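For reference, the structure is listed below as structure tokens.
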Amino acid sequence: MYWSWNNDFSSILEEIKRDYWKWSSKNPVKFLETIDHNYLFDIIEKKNLKDKIHRLYRDYREYLNKATILEKSSEDENTSKYIYLSAEYGITKCLKFYSGGLGTLSGDHLKSASDIGIPLVGVGLAYLYGYFRQYINHDGRQSELYEQNYFESLPMNLVLDEDYRPIKISIEIFGKNVYAQIWCLNIGRIKLYLLDTFVDENAVEDKRITDILYGGETDKRILQEILLGIGGLRAIAAMGIKIKGCHMNEGHSAFLVFERIKEMMKKENISFKEAQEKCYYSNVFTTHTPVPAGIDIFPRWLMEKYFYNYAVNELKISFDELFAEGDLVTKNKGNEHFNMAYLAINNSNFVNGVSKLHAKIARRMWSLPESRSQIISITNGIHIKTYLSSVSENFYKKHFGKNWLEKPGFFEELKALPDEMIWKMRQKNRSALISQIRERISDKLKLIHDSEDKLQEVQEMLDDNALTIGFARRFATYKRGTLIFRNIERLKKILANDKLKVQFLFSGKSHPKDEGGKNFIAEIVGYADSDLFKNKIVFIDNYDMEVAKQLVSGCDVWLNNPRRPLEASGTSGMKAVTNGCLNFSILDGWWLEGYSPETGWKIDSPENYENMYDFDVDNYESESMYNVLENDILPMFYDRDSKGIPVKWVNKIKTSIINLAGYFNTERMVKEYYDLFYSKLK
Ligand SMILES: *Cc1c(COP(=O)(O)O)cnc(C)c1O
């Protein structure tokens with residue numbers, strides 16, 4: 001997957017056949033399957049691409065062989081590994097195994113672990129239909145289409161044994177065996193293994209365990225989580241990988257706790273309690289949820305259905321004892337729940353939240369006994385190269401050399417660069433985004449044979465020179481995608497000003513069962529279609545990692561307005577930073593740490609916001625938004641010098657990159673995981 005964070009690779013494939021690269025959903029395996037080989041070799045000759053390809057290949061070899069910052073032995077197959085487990089992975093557009101930020105974080109974790117050489121292995125599920133493709137209906141509402149993945153045409157391979165047969169694991173679930181095969185992806189130097197239950201041995205209902213991501217039914221969810229946690233560890237064992245420790249990214253994989261204990265009991269011939277004590281010191285748990293309602297819980301009867309035999313036969317304890325590991329507070333009989341985060345916390349010496357504020361909230365929420373290790377914070381980051389547009393990357397390469405990102409303290413060097421260069425880079429990024437949006441929308445119109453007039457209109461939509469504000473993420477209601485429309489009269493006034501032009505771009509999917517989130521999308525689509533806001537508000541459908549990269553690089557301002565303190569971290573704003581896009585956000589999650597008057601803008605929250613009604617908080621915070629927009633952001637963007645450069649704005653970009661980019665990235669984050677957790681596992 002090295003190619004997925006390499007703009008040069010993408011540009012070579014575009015030079016070979018741009019349409020096919022687009023039509024394949026940027027999947028190189030499909031691209032090479034569909035392209036005629038005579039054409040391929042001809043065009044490589046004709047366009048002189050050979051040198052470029054060779055150079056890319058040399059870079060790749062160099063990447064794989066370069067000395068690692070951390071453990072020298074990481075290359076060695078026999079080194080025991082840190083096992084990282086997550087229900088979703090966002091690696092690149094064509095691998096639809098993610099829904100949002102949790103997934104992109106998992107993907108970025110693996111990419112940076114590869115960059116710096118941590119002996120880590122990822123485990124997840126290979127969903128046949130993955131997450132849905134979003135359509136906006138004629139009535140402006142989201143509808144979902146699940147498209148089948150063809151794993152053979154994706155950049156992943158089945159894991160085979162010495163006789164070239166797929167390695168399969170099995171789990172006894174409710175009296176019968178369920179089987180899974182394993183797919184492997186190379187994330188640079190890191191392996192990611194994904195389990196897949198669509199194998200002949202399974203009955204139809206068992207095959208369907210890995211059909212879609214986050215379908216919403218409790219029974220399916222517990223089966224997926226049994227597969228991820230218990231099956232994941234069995235896959236690791238089946239492949240002969242030795243475990244140094246396990247990192248649970250969110251509670252979905254927490255059942256692994258039991259499987260590790262079971263294995264330890266067998267190996268050392270010890271009791272449940274003794275094995276539990278031993279495993280505790282090599283488990284890591286990262287929580288992402290600041291509210292109890294956000295945590296995975298399962299009713300007692302369901303746990304009993306799937307874990308009664310496992311408790312008695314495998315763990316040699318009663319079901320009640322097993323249940324107690326995840327039974328938090330609900331002591332009223334008959335209504336007890338098993339809490340996955342509690343299971344993980346109970347069984348991990350190393351627990352962290354994903355920003356300073358979130359860790360504080362999590363400490364309050366869980367109030368762990370003083371005798372044990374406490375919840376600390378490791379603030380999230382992003383894998384810089386994954387979200388850097390080619391315009392931005394070429395800018396850095398041109399001014400600072402090919403290995404610019406590897407120079408320690410590099411971003412400081414930006415200070416000396418003339419404002420004009422940075423402004424030019426920004427203009428190019430914005431124009432690139434706008435042409436990408438025009439292409440996307442006209443492709444869609446061509447599909448339904450819309451009129452020439454309409455197509456012409458699309459070619460003129462949006463303004464290449466207007467201040468462009470982006471808002472894109474999952475449409476969960478706490479993220480308040482519609483907050484900017486709270487006082488429509490004020491917004492109208494801002495958008496009507498022809499001297500200080502501004503346009504808003506929205507994108508995001510809502511979970512299929514979240515009607516509240518879907519209402520938000522419908523509201524925005526309604527505004528985008530209205531004459532009032534035409535061309536000033538645009539909703540881009542089917543948000544994914546590609547659209548994310550386009551928006552965070554092309555927009556001037558990245559807006560985030562979650563209901564504090566519900567945004568545990570947020571990462572899309574970090575993706576904006578290195579592209580020179582400035583943040584404008586509620587002081588929640590990472591922005592509480594990243595914000596200063598020199599790096600961006602804040603939206604003020606009322607004091608005592610935690611005890612206020614949503615209605616009042618929304619009013620207060622939206623008014624602050626309009627004020628900052630009118631008084632600070634717009635005037636600064638249009639305050640130009642004689643050469644047409646907004647000098648103050650450009651200085652803010654410099655400070656934002658210099659102060660934030662070196663810290664809010666996954667290289668720093670993964671190093672922290674290594675120093676604070678991984679290197680201390682016993
Ligand atoms: C980064 C990213 C997210 C996370 O965005 P937040 O603002 O942190 O919620 C969600 N979806 C995609 C596709 C992303 O790339």
Region 420-565: C-alpha gyration tensor shape, a/c 1.5 cut-off, then a/b vs b/c: rounded
Computed [θ] at 222 nm, deg cm²/dmol, the chain (DSSP H ≥ 4; -39,500 (n - 2.57); rounded to nearest 500): -12000 deg cm²/dmol
Restraint check, Lys602/Lys643; Lys26/Lys479; Lys493/Lys534; Lys26/Lys575, Cα-Cα greater than 22 Å: Lys602/Lys643; Lys26/Lys479
With at most 13 neighbouring Cβ atoms within 10 Å, loop GluC sites (Glu not before Pro) (DSSP) excluded, longest segment of the chain: 218-369
Derived scalar couplings ³J(HN,Hα) [region 4-20; Karplus, 6.51 cos²θ - 1.76 cosθ + 1.60; whole Hz; x for Gly, Pro]: 5, 10, 10, 5, 4, 4, 4, 6, 5, 5, 5, 5, 6, 6, 4, 4, 5
Sites matching trypsin sites (Lys or Arg not before Pro) across region 1-47 that sit in DSSP coil, with at most 16 neighbouring C-beta atoms within 10 Å: Lys47
Model label zone, Leu145; criterion: amide N under 14 Å from point 7 Å along Cα-to-beta-carbon; scope region 523-545: 541-543
Fraction of beta bridges assigned by DSSP in the chain that are antiparallel (%, nearest 5): 35 percent
Per-residue HN-Hα couplings for region 378-389 [Karplus 6.51, -1.76, 1.60; θ = phi - 60°; Hz; x = Gly/Pro]: 10, 5, 4, x, 9, 7, 3, 5, 5, 10, 8, 5
Mean separation of Cα contacts under 8 Å (6+ apart) over length of region 2-65, as relative contact order %: 32 percent
Per residue accessible area in Å² of the chain, where ligands, DNA and RNA are left out and the probe is 1.4 Å: 42 Å²
Listed pairs Lys22/Lys191; Lys397/Lys424; Lys244/Lys267 exceeding 20 Å between Cα atoms: Lys22/Lys191
Relative contact order of the chain, defined on C-alpha pairs under 8 angstrom at six or more residues apart (%): 13 percent
Residue-wise HN-Hα coupling along region 163-179, computed from phi with Karplus coefficients 6.51, -1.76, 1.60 (Hz; x: Gly, Pro): 8, 6, 9, x, 6, 10, 10, 9, 10, 7, 10, 6, x, 9, 7, 10, 10
Principal-axis tilt of helix 300-309 within the chain, Cα atoms, nearest 10 degrees: 50 degrees
Proportion of all alpha-carbon pairs of the chain beyond 38 Å (%): 36 percent
Protein accessible area in region 366-420, 1.4 Å probe - carbon and sulfur %: 52 percent
Accessible-area composition of region 2-65, carbon plus sulfur, in percent [1.4 Å probe]: 50 percent
Global form of region 176-219, assessed from the alpha-carbon gyration tensor, a/c cut-off 1.5: oblate
Scaled radius of gyration (Cα, divided by 2.2 N^0.38 Å) that region 197-279 gives: 1.22
Two-decimal Rg to Rh for region 42-196 - Kirkwood Rh, Cα set: 1.05
Cα gyration tensor category, rounded, prolate or oblate, for region 285-403 with a/c compared to 1.5: prolate
Angle between the chain longest axis and helix 515-529 axis [Cα atoms, degrees, rounded to 10]: 20 degrees
Calculated over region 2-65: convex hull of Cα atoms, volume per residue (Å³): 80 Å³
Volume per residue of the C-alpha convex hull in region 209-368, rounded to whole Å³: 124 Å³
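The values are calculated or read from the model by the stated rules, or taken from the named source; none is laboratory data. All figures in this text were calculated on a predicted structure; none of them were measured in a lab. For neighbour counting, all protein chains shown are included, and Cβ atoms are generated from backbone atoms with ideal geometry for every residue, glycine included. Areas reflect the complete protein model, heavy atoms only, side chains present, ligands, DNA and RNA absent. Shrake-Rupley method; radii C 1.70, N 1.55, O 1.52, S 1.80 Å.
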